[in-house]
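To start, the structure itself, in structure tokens.
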Amino acid sequence: MAGRIQRIARGIDDVTRTVWDDSGTGVKLLILVVLVVTATAIPLVPLAILARYVANR
């Protein structure tokens with residue numbers, strides 16, 4: 001079970017790194033605006049932070 005959770009967390013972390021860390025400032029601003037306007041930032045930001053923590057443990 002712990003291995004499965006860590007694999008899922010790594011997958012989420014890989015996606016957030018690809019979308020967020022490798023993007024320029026303009027793209028990051030656009031992503032942030034879209035997340036805030038659509039209110040998806042509320043569940044996604046804590047999930048991405050938690051996934052990054054679990055994946056790097």
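Nothing in this text is a laboratory measurement; each read-out follows from the coordinates by a stated rule. Being a predicted model, the structure only gives us computed values, none of them experimental. Reconstructed Cβ throughout: ideal geometry from the backbone, glycine too, with neighbour counts over all protein chains shown.
Quick notes
- Couplings for segment 51-57, taken from phi via the Karplus curve 6.51 cos²θ - 1.76 cosθ + 1.60 with θ = phi - 60°, read 5, 5, 5, 5, 5, 9, 7 Hz in order; Gly and Pro are left as x.
- Taking the fewest neighbouring Cβ atoms within 10 Å as the starting point, the ordered list for ARG52, ARG4 is ARG4, ARG52.
- Per-selection metrics, the chain (Cα): Rg and Dmax in Å: 12.4, 39
- The stretch between ILE42 and MET1 holds 12.1 nm of extra length on full extension. This uses 0.36 nm per residue minus the Cα-Cα distance.
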